[in-house]
Amino acid sequence: MAERTKYILDEADMPTRWYNVVPDLPEPPPPPLHPGTREPVGPDDLAPLFPQALIAQEVSTERYIDIPEEVLDVYRLWRPSPLFRARRLEKALGTPARIYYKYEGVSPVGSHKPNTAVPQAFYNAAEGVTRLTTETGAGQWGSALAFASATFGLECEVWQVRASYDQKPYRKLMMETFGAKVHPSPSELTESGRAILAADPDSTGSLGIAISEAVEQAAQAENTRYALGSVLNHVLLHQTIIGEEALKQFELAGDTPDVIVGCTGGGSNFGGLAFPFLREKLAGRMDPVIRAVEPAACPTLTRGKYAYDFGDTAGLTPLLKMHTLGHDFIPDPIHAGGLRYHGMSPLISHIYELGLIDAIAIGQEDCFAAGVRFARTEGIIPAPEPTHALAACIQEALRCKETGEEKVILTALCGHAHLDLPAYGAYLAGDISDHALPDEALEKSLAGLP
């Protein structure tokens with residue numbers, strides 16, 4: 001009998017609850033603070049940006065939150081997503097390790113982002129909101145929210161980081177096909193955008209700037225709310241369907257992961273995979289090493305400061321206790337646009353501070369080499385973001401080759417690169433270079449912490 005390469009759950013076995021890791025942590029994460037008073041924010045402070053249902057999830061201390069049937073109905077378009085055993089990659093590496101990847105590229109927009117875009121659109125529509133604003137880097141989040149907004153009859157307006165807007169024109173076309181309006185950020189449409197352009201007319205933008213523009217627009221219109229694709233607790237909550245499915249699929253495989261690896265920008269893909277396994281670890285049912293992998297050009301966990309900082313450049317958002325490079329930080333325009341964010345999820349930052357996960361940073365040349373290797377063995381061209389996790393998986397598998405250990409390695413392949421092929425073109429042409437973050441640039445951006 002042929003060895004099994006994929007583990008697929010029936011629709012009836014799809015999880016019907018999201019998992020909230022907060023109640024299971026040894027101590028609660030620090031609260032967000034009001035930017036004016038520096039006191040913990042209350043629901044009223046967040047009401048101009050988010051519907052009440054999402055605010056309740058943001059501060060929830062419930063371990064599980066039921067997924068609404070209307071959301072499950074949309075999830076069924078692509079969920080449960082498959083878990084693959086990367087047998088061909090294992091063979092190419094000559095490793096005794098067993099490598100698994102949870103593949104989120106089967107969603108309508110080719111990434112994990114609809115896992116939270118769909119419930120965010122649903123809860124907004126249920127409370128009478130008619131328009132959503134957001135930012136996007138590589139365009140995966142903007143595409144997901146455009147899809148979700150179309151599903152629930154909402155208008156959608158997206159500010160896309162200028163570097164990615166120029167690099168990835170097909171993402172813009174995907175968003176527009178779903179009905180969204182897309183603007184390059186910084187733009188002339190907002191006060192914060194105009195201020196940035198006045199100081200630097202050639203600004204390549206950042207997620208922090210794009211967030212400022214989207215938040216400013218949402219706060220000024222009665223029927224409009226803001227939607228965020230990563231970082232906040234409710235976003236990571238929605239993504240835990242990835243890890244909950246993976247746990248069931250590992251039961252089918254008769255295996256248990258020793259090492260869990262995820263790429264981290266804001267943290268939603270990593271948290272979505274890792275948190276259900278962290279629950280099992282904290283309960284003593286398994287003991288995996290859980291590893292976050294970030295770009296060397298934007299190393300929030302490995303080189304950032306754990307401090308209160310704004311989530312955006314203009315200082316319009318609450319202050320979040322997180323690993324940050326400083327809200328003024330403008331990362332180099334590396335091709336992993338979804339990882340170019342100055343801050344890390346406060347929840348993941350807290351868990352890192354508790355010593356429950358570790359973190360490494362990898363340059364984009366090694367990441368693209370891993371992506372090409374994966375494509376030529378497994379047949380999927382990974383988005384630039386998960387190539388960071390794949391590079392770390394390959395490193396771990398090659399260590400197992402040296403030691404003879406038969407470790408089980410799990411990663412989330414959070415999206416495909418069908419709309420990111422110019423990045424691979426640049427790599428194959430030898431035009432990709434690593435961007436090391438100089439100490440002086442980091443010190444300068446951290447000097448602006450509030």
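The values are calculated or read from the model by the stated rules, or taken from the named source; none is laboratory data. In this text, all values refer to a predicted model and were calculated from it rather than measured experimentally. Neighbour counts run over all protein chains shown; Cβ positions are idealised from the backbone, glycine included. Accessible surface areas use protein heavy atoms only, side chains included; no ligands, DNA or RNA. Shrake-Rupley method; radii C 1.70, N 1.55, O 1.52, S 1.80 Å.
Heavy-atom accessible surface of the chain, averaged per residue, reaches 36 Å², computed with a 1.4 Å probe.
In degrees from 0 to 90, rounded to the nearest 10, what is the angle of the helix 241-253 Cα long axis to the longest principal axis of the chain? Helix 241-253 and the main axis of the chain meet at about 10 degrees. The calculated FRET efficiency for Glu11 paired with Ala47, based on their beta-carbon distance and R0 = 41 Å, is about 0.70. Scaled against the 2.2 N^0.38 Å expected of a compact globular protein of N residues, the Cα radius of gyration of segment 93-210 reads 1.23. Peptide packing for 422-432, 161-171 was compared via the average number of neighbouring C-beta atoms within 10 Å per residue; ordered from the highest value, the list is 161-171, 422-432. How much of the accessible area of the chain, in percent, comes from carbon and sulfur atoms when a 1.4 Å probe is used? Answer for the chain: carbon and sulfur cover 50 percent of the accessible area.
The Cα-based radius of gyration of the chain, divided by its Kirkwood radius, gives an Rg/Rh of 0.94.
Each label point was placed 7 Å from the Cα along the Cα-to-Cβ direction; for Ala198 and Lys91 their separation is 6.3 nm. With the helix formula -39500 (n - 2.57) applied to DSSP H stretches of n ≥ 4, the chain reaches a computed 222 nm mean residue ellipticity of -12000 deg cm²/dmol.
The listed peptides 187-193, 61-67, 392-398, ordered by packing as a protection proxy, come out as 392-398, 187-193, 61-67 (highest mean of other Cβ atoms within 10 Å first). In terms of packing, defined here as the mean over residues of other Cβ atoms within 10 angstrom, the peptides 23-33, 94-104 line up highest first as 94-104, 23-33.
Relative contact order for the chain: what is it in percent, counting Cα pairs under 8 Å that are at least 6 residues apart?
Once normalised by length, the contact order is 19 percent.
Just report the Cα centroid separation between segment 73-101 and segment 265-280, whole Å. Taking the Cα centre of each part, segment 73-101 and segment 265-280 sit 17 Å apart. Find the centroid of the Cα atoms in segment 309-326 and in segment 115-183, then give the distance between the two in whole Å. Between the Cα centre of segment 309-326 and that of segment 115-183, the gap is 22 Å.
Note on segment 300-450: Cα-Cα pairs beyond 24 Å make up 42% of the total pair count. Rounded, prolate or oblate: which fits segment 17-75 when a ≥ b ≥ c are the square roots of the eigenvalues of the alpha-carbon gyration tensor, with rounded for a/c under 1.5 and prolate only if a/b beats b/c? Oblate is the answer for segment 17-75, as a/c is 1.5 or above yet b/c matches or exceeds a/b. The C-alpha atoms of the chain define a longest principal axis, and helix 114-126 lies at about 40 degrees to it. Taking the C-alpha atoms only, the angle from helix 387-403 to the longest principal axis of the chain is near 30 degrees. Taking amide H atoms as placed 1.01 Å from N in the peptide plane, the amide H of Ala412 lies under 5 Å from those of Lys102, Val261, Cys263, each 5 or more residues away in sequence or on another chain. Amide H to amide H, with H built 1.01 Å from N, Ile99 comes under 5 Å of Ala86, Ile409, counting only residues 5 or more places away or on other chains. Remark on segment 226-353: ratio of C-alpha radius of gyration to 2.2 N^0.38 Å is 1.10.
In whole Å, what is the distance between the alpha-carbon centres of segment 339-382 and segment 402-437? Here the two parts' Cα centres lie 9 Å apart.
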